[in-house]
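Scroll down for the structure; my scribbles are underneath it.
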Amino acid sequence: MYSADRSDIPTVPRAVLYRRDERRKLAEEARAGKIDRLRRGVYLRPFTRSGRASKDAEVTVMRGVRGVVDVSSADLWFSHTTAALLHRCWLYRASSTVHVTYRVKPHTAIETGDDVRKHWTTLTERDRAVVDGIPVTALERTVVDCARLLSFDGGVVVATSAFRLGADPAVVGEILDEMGGTRGIVKAREVVAAVEPGCASPGEALAYQGARSLRPQQPETQVRVPTRRGVYWVDIGWSDLKIGFEFNGAVKLSGGSFGDPDVRRQDQSARAQALMEEGWWIVDLAWDDVIDPERLDLLMRQVFVDRRRQHEK
């Protein structure tokens, strides 16, 4: 959710080696908080919560994947948002529920836990894949499943990253046609039609959706703007109006691998000055702006009003 770079997605952890003759010892360690019991016979080392709800939810999902894989003897594929995470897609407001799809209705006695949602449907070979040894729905099928399940914005975020990762639009179209008449398929078609793969982060994807309704001419993404300081790229905008919107997640100024915050602020200031010299009107957007559709719409429309007034002076 925080960046276009998904190298920070947690991996499926290894389970603590389980032996029947050590059940009592494992139970004692679980009671003491030294290990966590996920399922019967599946224990994991505890993890330290980061304080970021979305990041902790992702870790919880990956831990849940291990719990399901190690106890199930049935043919299954992780699907929906769980598959999206395993494929390293972006997620937006997704829960920590683990989604599992079976080709036949699973027996209700299979122990998976309340945090697992079971689905059963036809999964052709085209719709199945393996990621890091874990069976998952193929990227294209994952796009459609998420678009049907999630909110419009949540579906757009997943689909945008999936297409950037190489999902085949033709195959997505085939799946949409084959699933005609199923629940959520109308919304799924709208989600796929609204995707702009040029959006380089979840925040940009949400901002782009807000900009689409502002004028008949659709906004551009990654707009190339030559300046005296070099070439800059505007996240979203219109070259003819020289209006641009930039999404700046707080993580960009968090230091660490993103560089010194003070230096980054100076670079951003110089960049803004160079774009202004070229006649561009740039508006910075933050998470609080893009997660509230009404607020975003009002903000963007006010930019057009201000720009018009500037030209009238």
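The values are calculated or read from the model by the stated rules, or taken from the named source; none is laboratory data. Note that this is a predicted model, so its numbers are computed, not measured. Note: areas computed on protein heavy atoms with side chains; ligands, DNA, RNA excluded. Shrake-Rupley method; radii C 1.70, N 1.55, O 1.52, S 1.80 Å.
Observations on the structure shown:
- Using heavy atoms of the protein chains and a probe of 1.4 Å, the accessible area assigned to LEU91 is about 20 Å².
- The residues of segment 135-217 have, on average, 36 Å² of accessible surface per residue, using a 1.4 Å probe with all protein chains present.
- Using θ = phi - 60° in the Karplus curve 6.51 cos²θ - 1.76 cosθ + 1.60, the 3J(HN,Hα) couplings for segment 285-301 round to 10, 10, 4, 4, 7, 7, 7, 10, x, 5, 4, 5, 4, 5, 4, 5, 5 Hz; x is entered for Gly and Pro.
- For segment 213-227, 3J(HN,Hα) computed residue by residue from phi via the Karplus equation (6.51, -1.76, 1.60; θ = phi - 60°) reads 8, 7, 7, x, 6, 5, x, 8, 10, 6, 6, 7, 10, x, 9 Hz, glycine and proline entered as x.
- Centre separation in Å (Cα based) which lies between segment 164-180 and segment 52-77: 26
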